[in-house]
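The values are calculated or read from the model by the stated rules, or taken from the named source; none is laboratory data. Everything numeric in this text was worked out from a predicted model, so none of it was measured. Methodologically, a virtual Cβ is constructed for each residue, glycine included, from the backbone with ideal geometry; neighbour enumeration extends over all protein chains shown.
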Amino acid sequence: MAELTGLRAELRPYRAVLASRARAQRAYPTSFAIDMASSLLVGLVELAEIWVLFTNVTSLGGMRFNQILLVFGMADLTFSLADLSFGHLDTLPTFLRAGTLDAFYLRPQPILLQLICSDVSLRRLARAAVGAAALGIGLDTSGAAWNLTTATLLPLALLSGYATFAALFVWAAGLQFFLLDGSEMTNAFVYGGRYAATQPASVWSRPLKLAFGFFFPMAVTAYLPAVTMLGLPGSDWLPAWLGWCAPAFAAWAWLMGLACWRWGVRHYQGGGG
Amino acid sequence: MRATARVYWRLLAAGFRRRSAYRLAALGGLVANLTFGLLKVAILFATIRAAGGHLHGYTTASMSTYVWLSQGMLGAINMDGRTDLALRVKDGQVAVDFLRPVDLQAATLADGTGAALFSLLPRGLPSVLLGALTVGIAMPTNPVFYLLGAVSMVLGIVVSLATVYLIAVAGFWIVETRGLQILYMLASGFLGGLYVPLALFPHWLRITATATPFPSAMMYPIDVLSGLGGAGNAARLVLAQLAWLAGLAAVGQWLTRAGRRRLEVQGG
């Protein structure tokens, strides 16, 4: 009981900051509405990019459009939620260049936790809604069986997918300590990773399978679990059963993310302020 | 007249040099271009193979050309709608720009064109080269397409700059242009043909796209340079770009003059 109160006291500063950030975004209702609408449009346009291809062909990489909806839905829902809670780590280079990161070192809390809790982008909820809708329609129409496999694998894959995308943001942030103005380099695997995760991984070349199937485990966030739920065969190098290993891949992503973060924080020598 | 031209030429050169100072950023851009390019190749090749090897005039070879040319143009074309000018209009610093003895629109376009042309060196050409090495591309043999292609590429850059200029000066009336900027970001990528070439769009969507300036910035230069559709088509696309540029430049001039009268700088 005493432990629980202690934990609550420790979490209080984070809760206070997050609540204030959430309030701040809703303080200007028009601006917030425009943000939500544009975020919704982002999700819809991303879906349209895939839909356009399916106006030309009926199946891509062994999947029909409603089966791709399942992949797109899982990937975009989990990415948007990770972006909502971890996406602002992208602003780290701004802090580094301005030398304002030093202030974070002065507070008696871990720097990574401070940064993660320094903001929450509520507008991403709209994009997550597009992902959730695609997932719902995909589940309903793609012929995924409602059995024990789906009931266990779907929540497992969603949680692991969220964790994996969140880890990518941490991973990228750790590398920013070295790159400073080369943040586009990490965009290649964070936003490129999101793009990869919405694709049927069966169309990838072998180098892409190594990069986005294993090293940055994107195929495991949506494609492989979807293949398992649909009872489809996997593809070369990416067998369907690998979908069950999603938590292991999420753990790998966090291991790499935290290692890069530690490495980066130790490398940082202050802004000279 | 010659003195005026020299001023804008100097601004163009300054833009070129400014961008050349950030080499690591250029390398980062190249890595991102290559990654997205390989993913685009994977999904678009799969589409063509699923359609039986030919799709609306595209084979895998010409699709590869499309992918790598579009990736190469990424750093040169403004895809996110963000500009320094928009910030200067918002915080009133644009008043200082108005004091200078140059035309605001022409100066902004000259400076932006210089920066965009530089990005073709560390980002554009290597993207196309890496694509050619890793996947292979088909380029036309007739030099006409390279000549027209170079013209079309520069026109595309200026059309894109003239379009984002309109967003920036819209700030004279609406102050916060972030909503417009995000709309631009979505439309310029999707309707401009960054993800999927326009030829693969359903008919109604293709018509909608050609009614906007976005294909003039990206899709048309790619089509001209890759020689798709022959020399007649290439000339027609360049004319379409010129028409869009004239229209956008005229609206930009008019909005700048009207906005200048509305500008109210607060504080002293």
Exercise for the section: Among the residues of segment A:56-70, count how many are buried (at least 24 other Cβ atoms within 10 Å of the Cβ) and away from every other protein chain (no Cβ under 12 Å). Expected result: 3
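Being within 12 Å of chain A (Cβ to nearest Cβ), within 23 Å of B:Gly229 (Cα to Cα) and not in a helix (DSSP H, G or I) narrows it down to one residue among B:Gly75, B:Gly52; which is it? Break it down stepwise before answering.
On the way: B:Gly75 fails: within 23 Å of B:Gly229 (Cα to Cα).
Residue meeting the stated conditions: B:Gly52.
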Completion exercise
Apart from one, (1) within 21 Å of the chain's Cα centre (by Cα); (2) away from chain A (no Cβ under 14 Å); (3) at pLDDT 85 or above all hold for B:Thr35; the odd one out is (2)
Practice task
Examine segment B:240-254 for a residue that is over 20 Å from B:Thr113 (Cα atoms), at pLDDT 95 or above and out of contact with any Leu (no Cβ under 6 Å at 6 or more places or on another chain), and state whether such a residue exists.
Solution key: yes
Problem - Residue in segment B:174-190 that is over 26 Å from A:Ile50 (Cβ atoms) and either more than 14 Å from chain A (Cβ to nearest Cβ) or of a type in the set (Lys, Arg) (or both) present - result: yes
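Quick one: which of A:Leu47, A:Leu53, A:Leu84 is away from chain B (no Cβ under 14 Å), within 25 Å of B:Ala187 (Cβ to Cβ), surrounded by 15 or more Cβ atoms within 10 Å (Cβ to Cβ) and modelled with pLDDT of 90 or more?
On the way: A:Leu47 fails: away from chain B (no Cβ under 14 Å); A:Leu53 fails: away from chain B (no Cβ under 14 Å).
Exactly one residue qualifies, and that residue is A:Leu84.
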Handout entry: The listed residue being within 19 Å of B:Leu38 (Cα to Cα), assigned to a loop (DSSP other than H, G, I, E, B) and small (Gly, Ala, Ser), out of B:Gly131, B:Gly136
Key = B:Gly136
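Show me the helices (runs of 4 or more DSSP H) found entirely inside segment B:155-268 where at least 3 residues are more than 27 Å from A:Ala37 (Cα to Cα).
Numbers: elements: B:178-190, B:203-210, B:214-217, B:219-226, B:230-262.
Qualifying helices (runs of 4 or more DSSP H): B:219-226, B:230-262.
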Fill in the blank from the handout: Of those in segment B:199-221 that are facing another protein chain (nearest Cβ under 10 Å) and aliphatic (A, V, I, L, M), the residue farthest from A:Val45 (Cα to Cα) is B:Ala199
Handout entry: Of the criteria (1) touching a residue at least 60 places away in the same chain (Cβ under 8 Å); (2) within 22 Å of the chain's Cα centre (by Cα); (3) crowded, with 20+ Cβ neighbours inside 10 Å, which one A:Arg21 fails
Key = (3)
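Quick grid of which residues meet (1) touching a strand residue (DSSP E or B) at 6+ places or on another chain (Cβ under 8 Å); (2) free of Cβ contacts under 8 Å to residues at least 60 places away in the same chain; (3) away from chain B (no Cβ under 13 Å); (4) within 27 Å of A:His267 (Cβ to Cβ):
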{"residue": "A:Pro155", "(1), (2), (3), (4)": "no, yes, yes, no"}
{"residue": "A:Leu180", "(1), (2), (3), (4)": "no, no, no, yes"}
{"residue": "A:Ser183", "(1), (2), (3), (4)": "no, no, no, yes"}
{"residue": "A:Arg206", "(1), (2), (3), (4)": "no, yes, no, no"}
{"residue": "A:Ala219", "(1), (2), (3), (4)": "yes, yes, no, no"}
{"residue": "A:Trp241", "(1), (2), (3), (4)": "no, yes, yes, no"}
Handout entry: Residue in segment A:211-222 that is crowded, with 19+ Cβ neighbours inside 10 Å, within 18 Å of A:Leu156 (Cβ to Cβ) and small (Gly, Ala, Ser) present
Key = yes
Problem - Residue pairs meeting the criteria (Cβ under 6 Å; at least 6 apart or on separate chains; first more than 19 Å from B:Tyr184 (Cβ to Cβ), in segment B:77-103; second surrounded by fewer than 13 Cβ atoms within 10 Å (Cβ to Cβ)) - result: B:Gly92/B:Val265; B:Ala95/B:Val265
Practice task
Tell me, yes or no, whether segment B:14-26 has at least one residue that is under 17 Å from the mean Cα position of the chain (by Cα) and at pLDDT 90 or above.
Solution key: no
